[in-house]
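The values are calculated or read from the model by the stated rules, or taken from the named source; none is laboratory data. Keep in mind it's a predicted model, so treat the numbers as computed, not measured. Heads up, the Cβs are rebuilt from the backbone with ideal geometry, glycines too, and the neighbour counts pull from every protein chain shown. Calculation scope for accessible area: heavy atoms of the full protein, side chains included, ligands and nucleic acids excluded. Shrake-Rupley method; radii C 1.70, N 1.55, O 1.52, S 1.80 Å.
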Amino acid sequence: MAIYVFCDTCKTSSRINTTECSKCGRPFGYAKKYRVIVSNREKRRTEVVGNLSIAREVEAAIKADLVRDEYDIADHKTSEIITLDLFFEKQFLPWAKQMKNHGMRTITAMALS
């Protein structure tokens with residue numbers, strides 16, 4: 001789990017605090033690119049980004065993705081969003097009709113006895 005400076009010329013990685021490529025000697029200057037490498041057991045992911053703060057965010061996101069895959073953590077999303085109209089039609093109206101009929105039977109039974 002590391003962040004390196006990425007050389008566009010020779011496609012190698014160097015430590016963050018270096019000012020030139022260790023292989024080809026090209027100076028990095030201000031337009032640095034960063035390579036994020038995250039490995040977890042048998043899985044390894046690599047991304048190249050243009051900013052150190054973004055590289056740190058990408059590293060955290062990749063770590064989270066690898067942990068989700070390792071422990072089979074799903075994105076806990078509901079399959080259907082229940083709106084008030086949907087609840088009213090599917091839950092409340094059938095219940096109200098059933099209670100209305102049940103109430104009428106009770107009143108009728110009490111009147112006949």
Being hydrophobic (A, V, I, L, M, F, W, C), within 13 Å of GLY50 (Cβ to Cβ) and assigned to a loop (DSSP other than H, G, I, E, B) is the filter here, so list the residues in segment 1-35 that pass it. PHE28, ALA31
If I go through segment 23-43 residue by residue, how many of them are in contact with a strand residue (DSSP E or B) (Cβ under 7 Å, 6 or more places away or on another chain) and either of a type outside the set (A, V, I, L, M) or open to solvent by 60 Å² or more (accessible area, probe 1.4 Å) (or both)? 7
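Results for (1) in contact with a Phe, Trp or Tyr (Cβ under 9 Å, 6 or more places away or on another chain); (2) more than 14 Å from ALA2 (Cα to Cα); (3) at pLDDT 75 or above, shown as yes or no for each residue.
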residue	(1), (2), (3)
LYS23	no, yes, yes
ARG44	no, no, yes
ALA60	no, no, yes
ALA64	no, yes, yes
LEU93	no, yes, yes
THR106	no, yes, no
Between a first residue in segment 10-39 that is farther than 25 Å from ASP65 by Cα and a second residue that is among the acidic types (Asp, Glu) and surrounded by 13 or more Cβ atoms within 10 Å (Cβ to Cβ), which pairs have beta carbons less than 7 Å apart while being 6 or more apart in sequence or on different chains? ARG26/GLU20; PRO27/GLU20; PHE28/GLU20
Take SER53 and decide whether it is modelled with pLDDT of 85 or more and within 26 Å of VAL67 (Cβ to Cβ). yes
Of all residues in segment 44-53 being free of Cβ contacts under 8 Å to residues at least 24 places away in the same chain and touching a strand residue (DSSP E or B) at 6+ places or on another chain (Cβ under 8 Å), the one that is least open to solvent (accessible area, probe 1.4 Å): VAL49
